[in-house]
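Asks: Before I ask anything, here is the structure I am working with.
Rule-based calculations on the coordinates, nothing more; no lab input. Since the model is a prediction, treat every value here as computed from it, not as a measurement. Cβ sites come from the backbone with ideal geometry, for glycine too, and all protein chains shown count toward neighbours.
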Amino acid sequence: MNNRSEFSSKLGFVLAAAGSAVGLGNIWRFPYLAAKYGGGLFLLMYVFFVVTFGFAIMTAEIAIGRKTQLSPIGAYTALNKKYGFIGVIASLVAFLILPYYSVIGGWVIKYFVTFLTGGQASTAQDTFFTSFIASPIEPVLWQILFVLATLAVVLKGVKDGIEKASKILMPVLIVLSVVVAIYSITLPGAMEGVKYFLIPDFSRFSIQSVLAALGQMFYSLSLAMGIMITYGSYLKKEDDLEKSVKQIELFDSGIAILAGFMVIPAVFAFSGGDEAALNAGPGLMFVTLPKVFNTMGMSTLVGSAFFLLVLFAALTSSISLMEAVVSTVCDQFKLERKKASILVAVTAVILGIPSSLGNGIWSEFKILNMNFLDLMDFITNAVLMPIGALLTCIFIGYVIKVKVISDEVKISSKFKREKVFTVMIKYIAPMCIVAILVTSVLSALGLLTL
Ligand code: PHE
């Protein structure tokens, strides 16, 4: 077991874990949710959840990984033989997310290349996005490219692949985010958008907005899918675990907030303050934003910079997804790393194809009124992830007991927030997770309108 790979430093670990956390969730999902659920109010709730539940669950996962030095299935089994199945659920979530995440990653490459080659005028057309994602072949080719880029890093291993890539991609991502955010907030008319994003409008408070903020927090911090367990298993015993969690969270919320600054004020400036433009939902990044860039100065530069940073964010997340699956396959099936990586990449391409075709030639095929990509997103994020998170809380709180985790954290940290941690894991997090699970399933079944 001693030859398990390790991150060479705490910084390497933090950047890689932050790389996992910072992804499409921050840049694509967070701004449109914030726009939809009352701007500053959503932001406030989100940050609150990050420092409470997010902190507790992330600490628990990293500690489980570091304690057992194993990937999720082995880790849960090592702690209690009967509970290896929680690890199976976690690995399954990562395994199912990777294919459709790469489909969206492929779209991002396409946008980046289009902007870079000066084709932004075409991206601003209403039909550009829908006709691109509906075509049978092209998105699949971009998806394959995205998977290959991910594979190239994972093949090189933890230190030379993941850690090195994160150390380059993450700083570039921060710099580009700051530049694009400054550009966006200095546009004429953008200040209204800044206000909208920062000042909480309490009249917009609703149960849905609370649940959306909670769900976003889980997704954005890459929780309950075995990723933090896997990365934690590469963390050295002497590296401060509590501090690392804080830094990862700061990174993740920081980039989400910057993304809010990049997107919301620019859309406000573009629409002349008309809030309706913000209601584009998932299309905000792929449909509205290109239009916004296209009407402004330096569109080739700003647009390419923006999609490059999105691409980097998406890549470091898909690297973590692939790593979690590869590490599980290696540990469980005693397969060599290289073979496991190639196997996982090929599977991701094949399983991703239905998610791509579901936007076009297979769009007739719907389950619960969702196309394949939305269905996969729903099963993983709205069903399996909360179930995994709930089981994790119960497992730690009531089966192995919180002390096992606290002791692991205390090897390297004072664990100042031990009390918050205990209360969250045992009582508050499980209740909230049940609430997310019930509402999302009911609304998918059409029994509840959100
Ligand atoms: N946390 C990533 C994001 O914000 C998403 C992700 C989900 C990454 C699942 C890995 C696994 O985009």
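Asks: Sort the following peptides by mean Cβ neighbour count (other Cβ atoms within 10 Å, averaged over residues), highest first: 18-27, 36-45.
Replies: 18-27, 36-45
Asks: What number results when the radius of gyration of the chain, computed over Cα atoms, is divided by 2.2 N^0.38 Å? All intermediate terms of the calculation are to be shown ahead of the outcome.
Replies: On the way: Rg = 20.8 Å, N = 450, 2.2 N^0.38 = 22.4 Å.
Taking the Cα Rg and dividing by 2.2 N^0.38 Å, one obtains 0.93.
Asks: Arrange the following residues from fewest to most other Cβ atoms within 10 Å of their Cβ: C330, C393.
Replies: C330, C393
Asks: Going by how many other Cβ atoms sit within 10 Å of their own, how do L235, L311 line up, fewest first? Display every interim value, and only then the final one.
Replies: Numbers: L235 26, L311 21.
Neighbour counts put them in this order, fewest first: L311, L235.
Asks: Spin-label point model (7 Å from Cα, Cβ direction): what's the K410 to L335 distance in nm?
Replies: 4.1 nm
Asks: Setting aside same-chain residues fewer than 8 positions from K246, which lysines have a Cα under 20 Å from its Cα?
Replies: K10, K67, K167, K236, K237, K410, K414, K416, K419
Asks: Can you list which of the trypsin sites (Lys or Arg not before Pro) found in the range 294-395 are DSSP loop residues with at most 11 other C-beta atoms within 10 Å?
Replies: Working: sites: K334, R337, K338, K339, K366; in loops: K334, K366.
Those satisfying the criteria are K334.
Asks: With each pseudo-label sitting 7 Å past Cα toward Cβ, what's the L141-L44 distance in nm, one decimal?
Replies: 5.0 nm
Asks: Quick check: the distance between the Cα centres of the range 228-248 and the range 253-323, to the nearest angstrom?
Replies: Value for the Cα centre distance between the two parts: 30 Å.
Asks: For the range 271-324, what is Rg from Cα atoms divided by 2.2 N^0.38 Å, rounded to two decimals?
Replies: Values: Rg = 14.2 Å, N = 54, 2.2 N^0.38 = 10.0 Å.
Taking N as the residue count of the range 271-324, the ratio is 1.42.
Asks: Still on this structure, please answer the following. Kindly state, to the nearest 0.05, the FRET efficiency for S9 paired with Y427, given R0 = 35 Å and r defined as their beta-carbon distance.
Replies: 0.45
Asks: Using alpha carbon centroids, what distance separates the range 168-183 and the range 353-392, in Å?
Replies: Using only Cα atoms, the two centres lie 31 Å from each other.
Asks: Relative to the longest principal Cα axis of the chain, at what angle does helix 164-185 sit, 0 to 90 degrees, rounded to 10?
Replies: The answer is roughly 40 degrees.
Asks: How high is the FRET efficiency from S122 to T300, r the C-beta distance, R0 22 Å, rounded to 0.05?
Replies: 0.95
Asks: Which of E6, E163 has the fewest other C-beta atoms within 10 Å, and how do the rest follow up to the most?
Replies: E6, E163
Asks: If you place +1 on the Cβ of every Lys and Arg, -1 on the Cβ of every Asp and Glu, and leave all else neutral, what size is the dipole of the chain about its Cα centre, to the nearest 20 Debye?
Replies: Dipole about the Cα centre, nearest 20: 1340 debye.
Asks: Report the gain in length on full extension from L442 to S363: 0.36 nm times residue separation, minus Cα-Cα distance, nm rounded to one decimal.
Replies: Numbers: separation 79, 0.36 × 79 = 28.44 nm, distance 2.35 nm.
Extending this stretch completely gives an extra 26.1 nm.
Asks: OK, next. So which GluC sites (Glu not before Pro) in the range 223-300 are both in a DSSP loop and have at most 15 other Cβ atoms within 10 Å of their Cβ?
Replies: Within the range 223-300, the qualifying GluC sites (Glu not before Pro) (loop, at most 15 other Cβ atoms within 10 Å) are E238.
Asks: Which angle between 0 and 90 degrees, to the nearest 10, do you get for helix 299-333 versus the longest principal axis of the chain when only C-alpha atoms count?
Replies: Result, in degrees: 20.
Asks: Give me the angle, in degrees from 0 to 90, between the Cα long axis of helix 40-49 and the longest principal axis of the Cα atoms of the chain, rounded to the nearest 10.
Replies: In the chain, helix 40-49 runs at an angle near 10 degrees to the longest axis.
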